[in-house]
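Undergrad: Sending over a structure as structure tokens; questions will come in a sec.
The values are calculated or read from the model by the stated rules, or taken from the named source; none is laboratory data. Just so you know, these numbers come straight off a predicted model, no measurement behind them. So basically every Cβ, Gly included, is an ideal-geometry build from the backbone, and we count neighbours across all protein chains shown. We work out accessible area using only protein heavy atoms, side chains counted, and drop any ligands, DNA or RNA first. Shrake-Rupley method; radii C 1.70, N 1.55, O 1.52, S 1.80 Å.
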Amino acid sequence: NIVKTDKGIRALQPLSMSESRLAKEIELLSAVAEAGYPNVDTCICNQDGDYITYDRYHIPYILKQYYEGRECNIRTEADMVRAVDNLAELHIAMEKVEWIPSEHEPVCKPLYTMERRNRELQRVRNYMRKKPSKSEFEYLYLSCFDQYYDQGRQAYAAMKEDPNLMKYARLSYCHGTYNQHNVLILKDGMATVNFDHYSVDHPITDLYTFIRKAMEKNEYQMELLVRLLEAYTAKYPFEKQDYRLLYYLLWFPEKFWKIS
């Protein structure tokens, strides 16, 4: 629920994560604000100084800073350009926030993710094949599965065999679900909200998430892709391997995986 108060706009919502994860998110957003990107939906304490408030049914709620604005229009080029420009500024701030590497973290998260999604595609196909009675959708799905699955395997193999990419570690905190719904255009700037899925990853994964959706909604106009990349790299310059990583991500048939 979005509410207007005498101290500004707030968002009241049920707690959707563990308390420890919430504490880490609060710490991250505070650091991001200090690093130069203040327009985030950080949590606000209640009158007792706690971030979590329980209702009479003992359901936990949190109150977040929010902003008066509108969502980015994924069909308007000017909005999309502003959104990737905003993402570059967010990444510049997040890059300044220190993080502790984990020995269990995969070297290249996008490669790990792609491998996992290929396995998921295999499981879906095997499940459908074993069904004694199939729907029209399932017959159609199986008829085109090989085409998309081969595309996913090729993208994975090319990424895995890229020796420079495997040595490349441009890692920092990332939003995790940077799409048009989480970008607010304000009267005097931009805001980014809903950091629930933040992680340490390649910043390119955030950009990929946004431009893949933008391309999908705009008939895959190559000119639009070029303009969005130019807007982002004007503030957050690419290295050669950034382009290669983005290429591999766009190669993977994510829409087919999502339908699966």
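Undergrad: Among what's in segment 23-45 and is assigned to a loop (DSSP other than H, G, I, E, B) and in contact with a Leu (Cβ under 7 Å, 6 or more places away or on another chain), pick the residue that is nearest to residue 197 (Cα to Cα).
TA: Among them, the one singled out is 42.
Undergrad: For residue 93, which of the numbered conditions (1) modelled with pLDDT under 95; (2) farther than 29 Å from residue 155 by Cα fails to hold?
TA: Status for residue 93: all satisfied but (1).
Undergrad: Sticking with this structure for a sec: If residue 257 passes every condition in (1) in contact with a helix residue (DSSP H, G or I) (Cβ under 6 Å, 6 or more places away or on another chain); (2) open to solvent by less than 30 Å² (accessible area, probe 1.4 Å) but one, which one does it miss?
TA: If we test residue 257 against (1) in contact with a helix residue (DSSP H, G or I) (Cβ under 6 Å, 6 or more places away or on another chain); (2) open to solvent by less than 30 Å² (accessible area, probe 1.4 Å), just (2) comes out false.
Undergrad: OK, next. Please work out which one of (1) loosely packed, with under 14 Cβ neighbours inside 10 Å; (2) at pLDDT below 95; (3) in contact with a helix residue (DSSP H, G or I) (Cβ under 9 Å, 6 or more places away or on another chain) is the condition residue 58 fails and give its number.
TA: (3)
Conditions (1) of a type outside the set (A, V, I, L, M); (2) at pLDDT 95 or above; (3) open to solvent by less than 30 Å² (accessible area, probe 1.4 Å), marked per residue:
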site: 177; (1), (2), (3): yes, yes, no
site: 186; (1), (2), (3): no, yes, yes
site: 202; (1), (2), (3): yes, no, yes
site: 208; (1), (2), (3): yes, yes, yes
site: 252; (1), (2), (3): yes, yes, yes
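Undergrad: Scanning for something touching a Lys or Arg at 6+ places or on another chain (Cβ under 6 Å), farther than 26 Å from residue 241 by Cβ, part of a helix (DSSP H, G or I) and open to solvent by less than 70 Å² (accessible area, probe 1.4 Å), does segment 113-121 turn up at least one residue?
TA: No, the conditions are met nowhere in segment 113-121.
Undergrad: For residue 77, which of the numbered conditions (1) acidic (Asp, Glu); (2) farther than 17 Å from residue 193 by Cα; (3) open to solvent by less than 70 Å² (accessible area, probe 1.4 Å) fails to hold?
TA: Among (1) acidic (Asp, Glu); (2) farther than 17 Å from residue 193 by Cα; (3) open to solvent by less than 70 Å² (accessible area, probe 1.4 Å), residue 77 violates only (3).
Undergrad: Further, regarding this structure: Residues that are within 21 Å of the chain's Cα centre (by Cα), loosely packed, with under 15 Cβ neighbours inside 10 Å, at pLDDT below 95 and not hydrophobic (A, V, I, L, M, F, W, C): does segment 32-40 have at least one?
TA: For segment 32-40, residues within 21 Å of the chain's Cα centre (by Cα), loosely packed, with under 15 Cβ neighbours inside 10 Å, at pLDDT below 95 and not hydrophobic (A, V, I, L, M, F, W, C): absent.
Undergrad: Right, another one. Of the conditions (1) outside any helix (DSSP H, G or I); (2) surrounded by fewer than 12 Cβ atoms within 10 Å (Cβ to Cβ), residue 13 clears all except one; give me its number.
TA: (2)
Undergrad: Taking helices (runs of 4 or more DSSP H) that do not extend beyond segment 122-218, which have at least 3 residues that are aliphatic (A, V, I, L, M)?
TA: 136-160, 204-217
Undergrad: So residue 191 passes all but one of these: (1) surrounded by 19 or more Cβ atoms within 10 Å (Cβ to Cβ); (2) of a type in the set (A, V, I, L, M, F, W, C); (3) at pLDDT below 95. Which condition number does it fail?
TA: (3)
Undergrad: So residue 164 clears everything in (1) farther than 30 Å from residue 40 by Cβ; (2) in contact (Cβ under 8 Å) with a residue 24 or more places away in the chain; (3) surrounded by 11 or more Cβ atoms within 10 Å (Cβ to Cβ) except one condition, right? Which one?
TA: (3)
Undergrad: Starting from segment 214-233, take each residue that is aromatic (Phe, Trp, Tyr) and list its partners that are at pLDDT 95 or above, counting only C-beta distances under 8 angstrom and pairs at least six apart or across chains.
TA: Correct list of pairs: 232/84; 232/85; 232/87; 232/88; 232/207.
Undergrad: OK, next. Confirm whether residue 218 is surrounded by 15 or more Cβ atoms within 10 Å (Cβ to Cβ) and within 20 Å of residue 29 (Cβ to Cβ). Steps first, answer last, please.
TA: Values: surrounded by 15 or more Cβ atoms within 10 Å (Cβ to Cβ): yes; within 20 Å of residue 29 (Cβ to Cβ): no.
For residue 218, the condition - surrounded by 15 or more Cβ atoms within 10 Å (Cβ to Cβ) and within 20 Å of residue 29 (Cβ to Cβ) - is not met.
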